[in-house]
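These notes concern the structure reproduced below.
Where a number appears in this text, it was derived from the coordinates with a stated rule and is not lab data. Computed from a predicted structure; not experimentally measured. Every residue, glycine as well, gets a Cβ built from its backbone with ideal geometry; the counts of neighbours run over all protein chains shown.
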Amino acid sequence: MTWWKKLFGDDFDSEKVDYYEEGLTLLREGRFHDALPSLRLALKESPGDAVVLQQIAIAYTRIGMTEEASKTYRHVLQKDPYASGAHYGLAYLLLRRGEEEEAAHHLESFLANPPSGPEAGEHIDHARATLAQLRGEAEPFLSDDEQRT
């Protein structure tokens, strides 16, 4: 890994490393533990970057560190109360803990300022459906574990 080379002074690759892109690639490959060091190095290069922090929260969520993920999303929202990705991620972490009222608030905030782009529609639809369930307008929300049984 590139971060390993940099850490131990292996200077075969003297080009500037894009740690953020490296972290995203590792996340896409499902290598969540491996993505964290790259994302942390990206954060070191750009302290407080909300986009990097959200990717770190995603990695934490995927490896089961949900408390760290929640803290990271909340940190992002302190910096940028309109960070839709942080509202979305935090909402689903709260739902897992049974905190439906606060989760609904974050889903509403997400939908008030939804992201754009090719993947956004899927997340927007999911948030709308979940919010409708929470409001009693559809079938009750089932956690991932409940859906598997």
**Message:** Tell me which GluC sites (Glu not before Pro) from segment 21-98 have a DSSP coil assignment and no more than 13 other beta carbons within 10 Å of their own.
**Reply:** E29
**Fill in**
If the chain between E29 and S116 were fully extended at 0.36 nm per residue, the gain over the current Cα-Cα distance would be 29.0 nm
**Item:** Label point 7 Å beyond Cα of A132 along Cβ direction - residues of segment 91-110 with amide nitrogen under 16 Å
**Value:** 108
**Asked** Can you run phi through the Karplus equation (6.51, -1.76, 1.60; θ = phi - 60°) for segment 47-58 and list ³J(HN,Hα) in whole Hz, with x for Gly and Pro?
**Response** x, x, 4, 5, 5, 5, 4, 5, 5, 5, 4, 5
**Prompt:** Within segment 16-34, whose backbone N sits under 20 Å from a point 7 Å along Cα→Cβ of I63?
**Reply:** 18-34
